[in-house]
Amino acid sequence: MSHRHFQGRSLVSAIALASLAAALGCGSGSPNGQPALSSNQDELLTFNPHVARVEFTTGTELPANRPPNIHVTVTDASKAQAIYLATVELPSPPTTGITSCPEDSGIFYTLEFFDGGGAEIATAKVDPGGCERVTVTTPHGVSSSGWAIEQNGDYWHTLAKNLGIPERKVL
């Protein structure tokens, strides 16, 4: 009986310590107070390709919920690069604890990034609902996840502005 009690106290202690570490930001942030980037995000930023074109399309995981019919091609390299950087620089989702997300409609966006020669650099699946998860993958197998919900709307503003569409169309 005392063995179980000891295990329970150890579990309670571990939970309390993890909660304290999370509250203090221990290991979850950078020196400037911004959320830390994952090593894959670092790799995507170090890779830093010259993005010349972005293709933006919509889709759905719930056939009954039709996505908006939007297909945008951005050929201005500075705008394409801004979308790429905003997408890969999103903070990582939490790796511990319980997360409660708003309702997710099943609608998603796909961003395909290309270099000046037309070679695919990366593809991002962007979820404007729920916790606004963004997953970026490259043809070389590098992938990273970020959360747009942590940006107080900044990501959506940057995306819409550089796509040349009203922000309400992506939210």
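Observations, loosely collected:
- E112, E55, E120, reordered so the largest accessible area comes first (probe 1.4 Å): E120, E112, E55
- 12 Å beta-carbon shell around T123, net charge (K/R +1, D/E -1): -2
- In nm, spacing of pseudo-spin labels at V142 and R66 (7 Å Cα→C-beta vector): 3.9
- Relative protection proxy for 89-98, 123-132, from highest mean packing down: 123-132, 89-98 (other beta-carbon atoms within 10 angstrom).
- Positive contributions from Lys and Arg (+1) and negative ones from Asp and Glu (-1), summed over other residues with Cβ under 9 Å from the Cβ of V74, come out at 0.
- Here the Karplus relation 6.51 cos²θ - 1.76 cosθ + 1.60, evaluated at θ = phi - 60°, turns the backbone of the stretch 162-168 into coupling constants of 7, 7, x, 10, x, 4, 4 Hz, with x for every Gly and Pro.
- Under a model in which nothing but the beta-carbon of Lys, Arg (+1) and Asp, Glu (-1) is charged, the stretch 66-171 shows a dipole of about 220 debye around its Cα centre.
The values are calculated or read from the model by the stated rules, or taken from the named source; none is laboratory data. These figures come from a predicted structure and were not determined experimentally. Ideal geometry is used to build each Cβ from the backbone, glycine not excepted, and the neighbour counts take in all protein chains shown. Accessible surface areas use protein heavy atoms only, side chains included; no ligands, DNA or RNA. Shrake-Rupley method; radii C 1.70, N 1.55, O 1.52, S 1.80 Å.
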